[in-house]
Amino acid sequence: MSKAVATDKGGRAEEGLAAHFRSMGFFALRGLPFRHDEEDITDVDVWLYERGAGAERRRFIVDSKNKARPKLVERLFWTSGARDALGVDGAYVASAGIREATRRLAKRLRINVVDLQTVAIDETAVSQRLTREELSKLVGETDRNRDSKRWRTHLHDTLAALLTTFGGSSANVGLRSAGYFADQILTTASASPASQLATRAFYLSVSAAAIGLDYVVAQTAYQATDRQQQEVEDAVRYGSDHAETKRRLDLALQVARQYLPNGAAQANQLREKIASDTEAFLGDVIAEVALKMGSSGSLFDAARNLEMAAHLRYLPAYSSLSTEARSFCGAVMDFFELDRTQLAEVLESNASTGDLNSEAHHADTDEV
């Protein structure tokens, strides 16, 4: 068995909190980077997504402090500001031994407080998962072996988008990463540690895309069916604010028309090329499946199952994933026009028969 990457006391508390919220039915991720103007400012300890009744969807952030003197008042104000800046629906601050005066302040700031002494943590569930630190270390090692930063960049962008551009835009980033890691799976030796790690990254990216699309589908819940389909397709093609994206494209074409030599002809050619590429873009493939699965709740279930599969120490076989997870993975494969049978066979063969051996990831980047 491999030796796990050391996680400090605070990190263990965050893993335990995330596991606790998962047991309550949330989709939970640790360590999402808070990015502003392409710069990482800080990170959020735990990010939560809740699928409520009907079209109700809510997001929360959790700030965890497991120290003898955690300066809770400062954390309450920080978390209150982060909640408002991110536009999420609520926030938690978790610590041990919370005083009554602190609880009163938290109530004024509309912050939920969690006393870590009262939270039952399933240690078995926590120990069965790779921590955020372990997964990040393995991805970093793979990049260094390839003299690249592409693996880290794709996963980092996927997680950051969930926090700051959630919805259609974050789903697009997740899909783009899923396509990249699918290619890595197919071009790396089957069952090698590098291919297994690419499988984890693929599952995590698809999970992020699924949870973003679940939110998009919920926003269209009370529209006519054809309108729903168009809204989800536009979100996949253009992101969350697709009307603004289209407006910017039109503005760019107007500038080309006005200032480039022979601008009118070039603008018309560019418009036709964009229209052609957009038409060829298989947004309807994802939109149709997302609408069907999102309406029944199975898209949310697929996201949870895929996130779990990405982090389990014993990488599960593709056939052991839930039906919902495999259905959405299949839609993603169709979206990228990949051979479902071929990729599924490689994913199946990548299942690990023992605990993750992190040392094996150092050198195995052989391409097929």
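A few remarks follow.
- Euclidean distance between Cα centres, the stretch 184-236 to the stretch 99-170, Å: 19
- By the beta-carbon count within 10 Å of each Cβ, the least crowded to most crowded order of 78, 151, fewest first, is 78, 151.
- Per-residue Cβ neighbour rank within 10 angstrom, fewest leading, 216, 88, 119: 119, 88, 216
- Placing unit charges on each Cβ (+1 for Lys and Arg, -1 for Asp and Glu) gives the stretch 9-127 a dipole about its Cα centre, and among 97, 116, 28 the Cα reaching farthest toward its positive end belongs to 97.
- Report note on the peptides 47-56, 173-182, 217-226, 192-201: ranked by the mean count of other C-beta atoms within 10 Å, highest first, their order is 192-201, 173-182, 47-56, 217-226.
- Cubic angstrom per residue, convex hull over Cα atoms of the stretch 78-160: 136
- Geometric descriptor of the stretch 46-97, per residue, is 73 Å³ (volume of the convex hull of the Cα atoms).
- With 0.36 nm allotted per residue and the present C-alpha distance subtracted, the residue 334-residue 78 stretch has 87.8 nm of extension available.
- Sparsely packed GluC sites (Glu not before Pro) within the stretch 283-354, loop by DSSP, other Cβ within 10 Å at most 14: 337
- Gyration tensor over alpha-carbon atoms, the stretch 9-127, equivalent ellipsoid semi-axes in Å: 20, 19, 16
- Legend: ranking of residues 234, 339 from fewest to most surrounding C-beta atoms inside 10 Å; resulting order 339, 234.
- When the Cα positions of 223, 192, 209 are compared along the charge dipole of the stretch 117-228, 192 comes out farthest toward the positive end, with charges on each C-beta of Lys, Arg, Asp and Glu.
Read-outs throughout are calculated quantities, based only on the coordinates presented, and are distinct from any laboratory measurement. This structure is a prediction, so every number in the text was calculated from the model and none was measured. Here the Cβ is made from the backbone with ideal geometry for all residues, glycine too, and neighbour counts use every protein chain on show.
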